[in-house]
Each structure stands twice: as C-alpha cells, then as structure tokens.
Amino acid sequence: MPLRIELPPLVVVDEREVSDGVSQRRGRERTVHAITFPLAGMPPCDLILETNSRVFEREVTVVVKEDDPRRRDAGRWQTRAWGSWRHADPDTPATPLILRLPTVGATTGRVVVDEGDNRPLPIERPRLELRTYRLRFVRETQDEVWLVYGRAGLSAPRYDLALLESR
C-alpha cells in the first residue's frame, strides 16, 4: 500500500519565466500553479491531480528549478513530468491524472496547465503517493524473533524469498 501525502492546495501564480522550461503553442492560454513538496530530494513518487470537471482535454507539465549548483541546469525551470489529461463523458467523474515524478531536488515547483481556448480547469488539492515496501515475518512458534541489522562482521543474509525477485 502506498504512502499518501496530502499537499497544500495549488495556488495560481503569474509567472511568465516558467515558459522557458515548457513548450507552448502560440496563442494558447495556460495556467501556472505553485506546488509545494514536503522536502527536497524526495524519492520518486506519483503526483495525483483531480478535478470535478466532466468534459475537458489538457496538457499538464510539472517543472522544477533545481538549486544544486553542481547541476548544469541549476536555476532554470526544467520539466520533471508531463501528461495529457482527457475526459469526455459528462455523466461520470474524471479519472485522476497520475504523473510519475523522479527525485526532485527542490521543495517548490510549478504545475503548468495548457488550457487551449478554454477556461481554467479547476484542480482539487493534489497528493503524492510514495511506493512503500514491507517485510512480513511469519512464524509458527512463540519463540522470540530477532532482526539483526547493521552489525559489523555478519555475512549477507540469503533468503528463499530472493528466488521470487524476478516476479
């Protein structure tokens, strides 16, 4: 089960400089939203966006300005995720847009929505989903169980579970 993190609501900002990192067709409207991430350097995760609109088609881009001076693109808006979001059935709710984000080295970014010739698409509070992994130890006796981790001199464990790694 993934770990879900509710993010602060998106805030519309007026930033023309974001266009440096996002292509745009001439004459099309766009909405730029500020997004805040819980911390810089988060592992790869899914950004989930939802709307209550029923009929729409938009292109959505997430851009980030990395602060790491070792990066060649530091200080410039760079695309980290992109997706096309479309829903054409007025009788059913739209499916969420799921954008796979790589590790992001900043706590803020921008969600840029290409609105075309339409009014801005209302986007509800975004959330992140981080993949989590869990180990379960199953035993048939009441004997005490020990998990040994980080002890120098121990050899690497060999579990039968590793045989299923390719699955």
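The values are calculated or read from the model by the stated rules, or taken from the named source; none is laboratory data. Only a predicted model underlies this, so the values are computations on that prediction, with no experimental measurement involved. Ideal geometry is used to build each Cβ from the backbone, glycine not excepted, and the neighbour counts take in all protein chains shown. Remember, those area values only see protein heavy atoms, side chains included, never the ligands or the DNA or RNA. Shrake-Rupley method; radii C 1.70, N 1.55, O 1.52, S 1.80 Å.
Residues in the stretch 75-123 that are in contact with a Phe, Trp or Tyr (Cβ under 8 Å, 6 or more places away or on another chain) and of a type in the set (Val, Ile, Thr): how many? Show your work before the answer.
From the stretch 75-123, those in contact with a Phe, Trp or Tyr (Cβ under 8 Å, 6 or more places away or on another chain) are 85-87, 94, 97, 99, 104, 106-110, 118, 121; that's our starting set.
Filter again for of a type in the set (Val, Ile, Thr), leaving 104, 107-108.
Adding up the residues that qualify gives 3.
Looking at the stretch 113-122, can you tell me whether even one residue there is among the hydrophobic types (A, V, I, L, M, F, W, C), farther than 16 Å from THR61 by Cα and in contact with a Pro (Cβ under 9 Å, 6 or more places away or on another chain)? Looking through the stretch 113-122, none of the residues is among the hydrophobic types (A, V, I, L, M, F, W, C), farther than 16 Å from THR61 by Cα and in contact with a Pro (Cβ under 9 Å, 6 or more places away or on another chain).
Tally time: how many residues in the stretch 35-53 are assigned to a strand (DSSP E or B) and surrounded by fewer than 16 Cβ atoms within 10 Å (Cβ to Cβ)? Residues that pass the stated criteria total 1.
Return yes when ARG4 is basic (Lys, Arg), open to solvent by 40 Å² or more (accessible area, probe 1.4 Å), modelled with pLDDT of 75 or more and closer than 13 Å to ARG110 by Cβ and no when it is not.
Values: basic (Lys, Arg): yes; open to solvent by 40 Å² or more (accessible area, probe 1.4 Å): yes; modelled with pLDDT of 75 or more: yes; closer than 13 Å to ARG110 by Cβ: no.
Spelling it out, it is not the case that ARG4 is basic (Lys, Arg), open to solvent by 40 Å² or more (accessible area, probe 1.4 Å), modelled with pLDDT of 75 or more and closer than 13 Å to ARG110 by Cβ.
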